[in-house]
Structure formats: structure tokens, C-alpha cells
Amino acid sequence: GSAGPFTYYWMPGTGLNDSTLLNPFARPDTTTIYTLQVMDLGTGCLSEYTTLDTVSSVIVTVQPLPIAQAGPDLHICLHDTLMVQSTGAGAGPVYDFEWSPATGLSDTTSPNPLASPTATTEYVLTVWSNGCPSYGDTVTIFVHTLPTVDAGPDVEICFRDSILLDAQAAGDPTSIFYDYEWSPSIGLSNAFIEDPMASAPATMYYYVHPIKDWFSQYI
């Protein structure tokens, strides 16, 4: 409305990189109404200050950041598959999901993808809502090798005698110890130890498989 030159005054200055620029960068922490006043340096006239004028004011709406919850760390056996349970919170009501890396996942945009990594992998989940991304949340899926077991050599005993069976488990470099399960349990002093005493009532085949915490594998 006048010839200028002009100087500019944005109010409030909170969240602006420079309140005297025509086009400052705004980064407020909360939704803020910014109003621009302009002074014509030639005449000394100042524009009116009002937050009701949509021409001289602008509303910067600050959306809350969503929160990504990738869930607890998980353990699986090699070649197994499980479902990752994740959620979005803190914004909404609509959330979009983004997983990285994609290796071993059935769908990188699903909140609950199927995961079958071939090695221990850390996945990062980012949740988007109202155009805003969350901070990344991670879940680690630990992949454990399958245990192997040796039940020991075949043995012979006399009727009503006993003998100590000798099983050995291996195959998992992260394992400190293994649990064992023998079947059938007939004639065994304890079917859940590594080396039970056996006094079979007749010739029998005994089978053993190791149990490493959360998984087991028949051999």
C-alpha cells in the first residue's frame, strides 16, 4: 500500500530464526499465531497489529509427534517365523508404519509383519501420523542355531541291571547349558537330565532331544 522500503516485525518472535525477515523459518513448540507488522521507512507509517486479520497473520499448527513402540526383543530358532507386535501412540488416530531394514520381513508397512531373519537383526520402526514421523524405536530379533545331540552308543545290560546313559548336546555357540528330555521315560531315573540311569525292563530305543531355553529340536 506504499512505496517502501519496508522493515518487518513478526510477533511473537518465539520459535522464529529471525523476526525481522520477510520470510523467517518457524519452529514453535506449540501451535502459534504469528502476526506481521510492516513499516514504510519512507513515511514512518506502521501497519496495524491484529491477530484477526488473516492477511497479516498466520497460524502455525504444531502436531504432536507419534510414538513408535516396536515391542520387546524376541528370540527365534533358525528358519522359524514369528509375528512382530508393534503399535503407534501419542498422535493419531491414523498411523502409518515403516520398518527398516526390509530383510526377513513380510511387509515393511505393516504394524505386525512376519519376521524370519537368518541372522540376529535389529529392526527400526518409524511411525507416521498427521504427516509427522516418530523417533525410531528398535526391536532385536535374536536368531539361534538349532541344537544337535548325540545320545551316545548303543549299550547292553543284563536284566535288572542299570547303566548310565551319556548324551551330549552342541550346536549353539551362545548356549551355556542345555536341558534334556528323554522318551520314553520307562526305566529311566530321570527323563529330564543329560545322563540318566537306565534300567529298561526289555530292549528299548531311547530318544533324547535338547531344549535350549525357548526352543527344542528332535534329533
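The values are calculated or read from the model by the stated rules, or taken from the named source; none is laboratory data. Not measured: the values here are computed from a predicted model. Here the Cβ is made from the backbone with ideal geometry for all residues, glycine too, and neighbour counts use every protein chain on show. For the accessible areas, the whole protein counts, side chains as well, though only heavy atoms, and no ligand, DNA or RNA atoms are used. Shrake-Rupley method; radii C 1.70, N 1.55, O 1.52, S 1.80 Å.
Figures for the structure shown
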{"quantity": "With 5 Å bins from 0: P(r) over the stretch 52-154, alpha-carbon pairs, percent", "calculated": "2, 12, 19, 16, 11, 9, 7, 5, 5, 4, 3, 2, 1, 1, 0, 0, 0, 0, 0"}
{"quantity": "Simple Cβ-charge dipole of the stretch 59-156, Lys/Arg +1 and Asp/Glu -1, about Cα centre, in debye nearest 20", "calculated": "580"}
{"quantity": "Student exercise, the stretch 1-82 dipole from Lys, Arg, Asp, Glu Cβ charges, in Debye to nearest 20", "calculated": "120"}
{"quantity": "Estimated vicinal HN-Hα couplings, Hz - the stretch 133-138 in sequence order (Karplus 6.51, -1.76, 1.60; Gly, Pro = x)", "calculated": "x, 7, 6, x, 10, 10"}
{"quantity": "Between the stretch 96-170 and the stretch 1-77, the Cα center-to-center distance that results, in Å", "calculated": "49"}
{"quantity": "Rg followed by Dmax, in Å, when the stretch 77-219 is reduced to its Cα trace", "calculated": "23.2, 78"}
{"quantity": "For the stretch 1-44, accessible area per residue (1.4 Å probe, heavy atoms of protein chains only), Å²", "calculated": "66"}
{"quantity": "Most mobile listed residue (32, 108, 81) in the chain, GNM with C-alpha springs under 10 Å", "calculated": "32"}
{"quantity": "Whole-number D in µm² s⁻¹ for the stretch 1-74, Kirkwood Cα-pair radius fed into Stokes-Einstein, 37 °C, 0.692 mPa s", "calculated": "227"}
{"quantity": "Fraction of accessible area attributable to carbon and sulfur, the chain (%, probe 1.4 Å)", "calculated": "57"}
{"quantity": "Size of electric dipole in the chain: Cβ of Lys, Arg +1 and of Asp, Glu -1, about Cα centre, debye, nearest 20", "calculated": "680"}
{"quantity": "Probe 1.4 Å, protein heavy atoms only - accessible area per residue of the stretch 67-211 in square angstrom", "calculated": "58"}
{"quantity": "Among 155, 125, 76 the positive-end extreme of the charge dipole of the chain (Cβ point charges)", "calculated": "125"}
{"quantity": "In order through the stretch 57-68: 3J(HN,Hα) via Karplus (6.51 cos²θ - 1.76 cosθ + 1.60), integer Hz, x for Gly, Pro", "calculated": "10, 9, 9, 9, 8, 9, 7, x, 6, x, 10, 8"}
